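Single-structure report; data block below.
The values are calculated or read from the model by the stated rules, or taken from the named source; none is laboratory data. What you see is a predicted model, and the numbers here were worked out from it, not measured in a lab. A quick note on method: Cβ atoms are made from the backbone with ideal geometry, for glycine too, and the neighbour counts reach across all protein chains shown.
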Amino acid sequence: MSRKKSLEPHLRGIVDLVSATLDEGTRQVEGVHRRIADIPFAVLKKIRPIAPISSVVHMVEKKITHSAYDTVRLVAKVGAQAVHNVLPTDPASQGISRPEYKIDHDTLRAQKSKKKP
């Protein structure tokens, strides 16, 4: 009697891949957004009468933008966890070893921060 293999471990891998892609993708988009948004604020800060106000507005804009991208990352993480919770419990219980491509988001962030000057 042959043992029927499940797609469950592959689904877990796809969920992890999508989650990591959303995490890194939003970080990249946020970086581009940040660089573009900084251009007009750099000009405004050179105009003395409005420099203090533009600095405050720039700080608020940065916080709002970061919060928006952070929310997207959090929703992606929660969604991935929800899918993992719905899938069957353990691939090993079906005679399938755990996939070796599990993505560790913290390690990726640590490696990325080491590359920055």
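To keep it simple, each residue is scored yes or no on (1) surrounded by 11 or more Cβ atoms within 10 Å (Cβ to Cβ); (2) touching a Leu at 6+ places or on another chain (Cβ under 7 Å).
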| site | (1), (2) |
| --- | --- |
| 9 | yes, no |
| 12 | yes, yes |
| 52 | no, no |
| 55 | yes, no |
| 66 | yes, no |
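Given the structure, is residue 84 surrounded by 12 or more Cβ atoms within 10 Å (Cβ to Cβ), assigned to a helix (DSSP H, G or I) and at pLDDT below 95? Steps first, answer last, please.
Values: surrounded by 12 or more Cβ atoms within 10 Å (Cβ to Cβ): yes; assigned to a helix (DSSP H, G or I): yes; at pLDDT below 95: yes.
Considered against the rule, which asks whether it is surrounded by 12 or more Cβ atoms within 10 Å (Cβ to Cβ), assigned to a helix (DSSP H, G or I) and at pLDDT below 95, residue 84 comes out as yes.
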- Residues satisfying the stated conditions in segment 7-53, i.e. among the charged types (D, E, K, R) and within 18 Å of the chain's Cα centre (by Cα): 12, 16, 23, 24, 27, 30, 34
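Would you pick out the residues in segment 2-60 that are in a helix (DSSP H, G or I), in contact (Cβ under 8 Å) with a residue 40 or more places away in the chain and farther than 18 Å from residue 76 by Cβ? Explain how you work it out, then say what you get.
Taking segment 2-60 and keeping what is in a helix (DSSP H, G or I), we get 8-44, 48-60.
After this cut, where a residue has to be in contact (Cβ under 8 Å) with a residue 40 or more places away in the chain as well, the list is 8-13, 15-20, 22-24, 26-27, 29.
8, 9, 10, listed by residue number.
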